[in-house]
Structures are given as C-alpha cells and as structure tokens.
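Just below is one structure, and these are the notes that go with it.
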Amino acid sequence: MKLTIVEYPDKRLKQKSLPVEKFDGGLHELLDAMYDVMMESNGIGLAAIQVAHPLNVLILNIPDETGEQPRENLIEMINPVITAKEGETTYQEGCLSVPGFYEDVNRFELLVVNYQDRDGNTKTLEADGLLSIAIQHEMDHLNGILFIDKLSYIRRKKFEKEYKKIQKEKKTAK
Ligand code: QAP
Ligand code: CO
C-alpha cells in the first residue's frame, strides 16, 4: 500500500473518523504504510485521515534527545480516549497536511490516554512534553480538527495569507 498525504484545504480533513473494529491484516498494512509515508515526509505524528482513511488510528514517533527516531520508539494508537488531562502548555506546531506553516497552539500539559494496539490489546499511557502535545494534535485529526482551527481570528487570517503565498511558490517551483 502506497499512501499520499492529503493537504489543506482538502475537505476530507474535516471528516470525523470511525472506530476500528477489526484488528486484522488490513489494519497492519495501513499502519506500516503510514509509518513509511510519515518517515519519508520527516513527520513525528500522523493520523489515518491524513492518508484518506477515516479511522481512529494514529502513529507517533517523537525524536529522542539526539534527534533520532528509532523505529522501536514508534507508538501506534487505535481508538484512543483521553481519560485525564492537566495543566497548560504552548508549542509551535506544524502538520504534514499544512506544509510550511507553523504557529503556537495551546494544549494540556499532561494526559492519560487509553487506546488499543494493533492486536486490539488495551493500553494506558501517561504522556507529558512533546508526546502529550503530539497525541492531542493527532486526536484532533480524528475529530476533523486541524491545528489552524485552534488559532485566534487574527492568526487564522495570517495563516490564510501565508498559506496562499506558500501554495503560489510551490506552483512556480514545479
Ligand atoms: C504533529 O507534525 C505535531 O510543515 C506532527 O514542511 C506537530 O509531523 C505534533 C512537517 C507539533 C507535535 C508538535 C510539517 C514536515 C511535520 C511541515 C508533523 C513540513 C514538513 C509535521
Ligand atoms: Co497534523
């Protein structure tokens, strides 16, 4: 399976994803293909809707202190649910579906998340730092929400202007 990333303003990114019911080979194939496209694109997180599969599936591979992303650090979350959240933090986020634009977003600092792994086993994870931010960013995708949807009116306007410019530059570079 070869996947391509769906980019804003594609309406598919506004779709709500559905729960995974079958933990079968099809799911494993999707997860493996998501990993490949995320690493090829220099990403740290990806939701299935970003590759046109509206399922409650996300993957995360947060760089370590040396900036490496070894495959054993990969986290695959199926049907994630936040069961506790605490504190506040701000981080300059980006998104593979909004290439070239970065802006500060407010998030919870700490999370507890329940989810299933690729075999349907139930897991619990306590997350802080960049992992916590990335989980919240990717779980927003499952609800059809992009980080640019969380910006103030003024910053959203700034985004629309800058993104148009980025798109124009891409066209002339082709
Ligand atoms: C979501 O984002 C995230 O614009 C994952 O040109 C972001 O992997 C989680 C990327 C911030 C936590 C904090 C973006 C790559 C990758 C771009 C990404 C680009 C190339 C974004
Ligand atoms: Co994103």
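If we scan region 97-106, do we find a residue that is in contact (Cβ under 8 Å) with a residue 60 or more places away in the chain, in contact with a Pro (Cβ under 7 Å, 6 or more places away or on another chain) and of a type in the set (A, V, I, L, M)? No, region 97-106 has no match at all. Selection over region 150-159 of residues that are crowded, with 16+ Cβ neighbours inside 10 Å and not aromatic (Phe, Trp, Tyr) gives a count of 2. Restricting attention to region 146-157, does a residue exist that is under 20 Å from Leu55 (Cβ atoms), in contact with a Leu (Cβ under 8 Å, 6 or more places away or on another chain) and within 16 Å of ligand 1 (Cβ to nearest atom)? Within region 146-157, one or more residues are under 20 Å from Leu55 (Cβ atoms), in contact with a Leu (Cβ under 8 Å, 6 or more places away or on another chain) and within 16 Å of ligand 1 (Cβ to nearest atom). Residues that are surrounded by fewer than 18 Cβ atoms within 10 Å (Cβ to Cβ) and closer than 14 Å to Leu60 by Cβ: does region 81-89 have at least one? There is no residue in region 81-89 that is surrounded by fewer than 18 Cβ atoms within 10 Å (Cβ to Cβ) and closer than 14 Å to Leu60 by Cβ. Among the residues making up region 26-61, a single one is in a helix (DSSP H, G or I) and near ligand 1 (Cβ under 9 Å from one of its atoms): Met38.
Search region 107-149 for residues being of a type in the set (D, E, K, R), more than 28 Å from Lys22 (Cα to Cα) and surrounded by fewer than 18 Cβ atoms within 10 Å (Cβ to Cβ), and hand back the single one that is nearest to ligand 2 (Cβ to nearest atom). Among them, the one singled out is Asp149. In this entry, Lys164 is excluded by the filter for residues that are surrounded by 11 or more Cβ atoms within 10 Å (Cβ to Cβ), part of a helix (DSSP H, G or I), over 19 Å from the mean Cα position of the chain (by Cα) and not small (Gly, Ala, Ser). Only a single criterion out of (1) within 11 Å of ligand 1 (Cβ to nearest atom); (2) over 16 Å from Asp140 (Cα atoms); (3) in a loop (DSSP other than H, G, I, E, B); (4) not small (Gly, Ala, Ser) is not satisfied by Lys22, namely (1). The residues of region 62-88 that are β-branched (Val, Ile, Thr), free of Cβ contacts under 8 Å to residues at least 60 places away in the same chain and within 13 Å of ligand 1 (Cβ to nearest atom) amount to a single one, Ile75. Of the strands (runs of 3 or more DSSP E) lying entirely inside region 89-129, those carrying at least 2 residues that are more than 15 Å from the chain's Cα centre (by Cα) and within 13 Å of ligand 1 (Cβ to nearest atom) are 89-93, 103-107.
If you go through region 85-103 and keep only what is closer than 26 Å to Ala52 by Cα and away from ligand 2 (no atom under 12 Å from the Cβ), you end up with Gln92, Gly100, Glu103.
Only the coordinates and a few stated rules stand behind these numbers; no lab work does. Note that the structure is predicted; figures quoted are calculated from it, not measured. When we count neighbours, we look across all protein chains shown, and the Cβ atoms used for this are built from the backbone with ideal geometry, even at glycine.
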